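Note sheet for the following structure.
Taken together, the values in this text are just the output of simple stated rules run on the coordinates, not laboratory data. Because the structure is a prediction, the values reported are computed rather than measured. Don't worry about glycine lacking a Cβ; one is built from the backbone with ideal geometry, like all the others, and counts go over all protein chains shown.
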Amino acid sequence: MKGPIVAVAAIAFLFLSTLGASVVIGEMKSVSNTSHDVAPPDVSPCVYCHLPRDPDGDLLWANNPNSGDDFSGLEPLCFSCHDGTVTSVGSYVFDGARPDHLSNPGLRNQDCDRCHDPHDEGYGKFIKLPNAANFCNNCHSRAGSTDHPIDVDVRASNIQPIDVHWNPEEDDFSGTRLWNIEGTGPGDYMKCLTCHSPHGSEAGTDINTLAFDSTHDAFLSICQNCHYGWGSE
Ligand code: HEC
Ligand code: HEC
Ligand code: HEC
Ligand code: HEC
Ligand code: HEC
Ligand code: HEC
């Protein structure tokens, strides 16, 4: 779907050539040096997401550049580039069959901007909150219904998980990820993002990366991935 971004680029050039390079939206925000600066030199990067005539940067581009399904809020704007036209990175995020973390589309700071600031690389992946792979802890004080221990060294506990590969960019949507102690890259430690992902999780779960059914508890694949001695019915 090349339509929207080509149109955006064309309009941006139109504005710039009519009004000169003084078309700058707001002074408070910058995306320079982030991967969200997709503009060629001398073109404001802001106009790829904002209407150039809005001095506060509040007005966003068309709400439904990919209309025809149930996208709403910020999602269509994000998808207008992440649909493979500008980048295919993260396109799995928009697969409606895979649950995402809850958001309230259109409400400030409760939409994608609950966790992301599209202007700022933040703590990586445009995430605006700290704690890396324990990032869920910013808002949820406990580890969910299982209250599973975190920050333990899984392999040092003599547990060798069956599947530690989870890479939705390569169509691998099952596995539990182990992290380094900081939670910033691969390692041996258990973190919130060992069992969870805010995007691309297993259908029917509370955003888990392997199947879980509370009526069968420990006998399910997410637990058996590590506690494989447990139960078999
Ligand atoms: C990748 C898309 C994208 C780009 C590029 C972008 N913005 Fe934004 N901007 C958003 C979105 C989405 C929001 C609303 C969500 C939020 O961040 O709160 C927003 C909100 C804003 C706001 C109001 C929110 C606030 O926190 O005050 C300002 C001001 C703003 N942008 C300025 C800019 C400027 C200036 C640029 C260029 C340097 C820019 N933006 C580039 C997506 C973008
Ligand atoms: C103007 C096009 C454009 C828009 C609109 C846009 N993005 Fe992006 N985004 C990109 C590009 C390009 C990258 C860099 C991808 C790469 O590394 O190849 C990126 C990267 C990202 C990444 C980091 C991915 C990674 O693995 O490092 C996140 C997260 C992200 N965008 C979220 C958003 C969100 C949320 C929105 C909507 C508020 C949004 N984007 C809107 C173009 C865009
Ligand atoms: C609960 C917090 C949260 C919300 C809400 C959220 N995200 Fe994310 N998003 C994350 C985290 C954390 C990651 C990094 C995940 C990882 O590394 O496994 C991420 C990653 C991404 C990526 C990059 C994927 C990749 O593999 O590089 C994109 C694109 C993205 N989010 C878009 C969105 C869009 C669009 C929305 C709104 C519809 C949204 N996010 C809402 C937390 C959130
Ligand atoms: C910025 C704060 C924030 C972050 C970070 C965050 N959440 Fe949430 N989460 C919420 C809010 C608020 C709700 C309630 C949903 C609503 O009303 O929109 C929620 C709801 C949930 C639910 C549904 C709970 C239920 O009882 O149905 C799950 C599951 C969940 N979050 C898991 C996670 C996981 C796992 C992470 C890390 C990947 C995470 N959250 C990161 C704020 C956050
Ligand atoms: C060992 C795997 C595992 C780890 C580690 C884990 N969770 Fe969970 N979590 C689960 C499972 C399984 C569920 C239940 C899923 C379902 O019902 O679909 C759950 C449910 C949740 C829920 C929703 C239910 C509730 O009680 O509100 C939240 C919120 C949550 N986890 C947050 C976290 C946070 C925060 C962390 C890190 C501190 C974390 N989880 C670490 C496996 C894990
Ligand atoms: C990624 C591997 C992994 C997964 C997945 C996993 N566990 Fe664990 N579990 C561990 C490790 C490591 C320990 C800590 C063992 C130790 O301290 O010696 C542990 C400890 C426990 C304990 C003992 C808790 C305590 O406080 O000592 C229970 C109960 C448990 N897990 C239940 C579960 C359940 C239920 C699931 C599925 C929701 C699950 N585990 C998924 C690795 C895992």
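Summary table
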quantity	calculated
Condition met for residue 156 (exposed (fewer than 13 other Cβ atoms within 10 Å of the Cβ), closer than 19 Å to residue 225 by Cβ and either aliphatic (A, V, I, L, M) or near ligand 5 (Cβ under 8 Å from one of its atoms) (or both))	yes
Per-region count, the stretch 179-214, residues within 16 Å of ligand 4 (Cβ to nearest atom), in a loop (DSSP other than H, G, I, E, B) and either surrounded by fewer than 18 Cβ atoms within 10 Å (Cβ to Cβ) or not small (Gly, Ala, Ser) (or both)	17
Subset tally (residues that are closer than 16 Å to residue 59 by Cα, in contact with a helix residue (DSSP H, G or I) (Cβ under 9 Å, 6 or more places away or on another chain) and surrounded by fewer than 16 Cβ atoms within 10 Å (Cβ to Cβ)) for the stretch 70-106	1
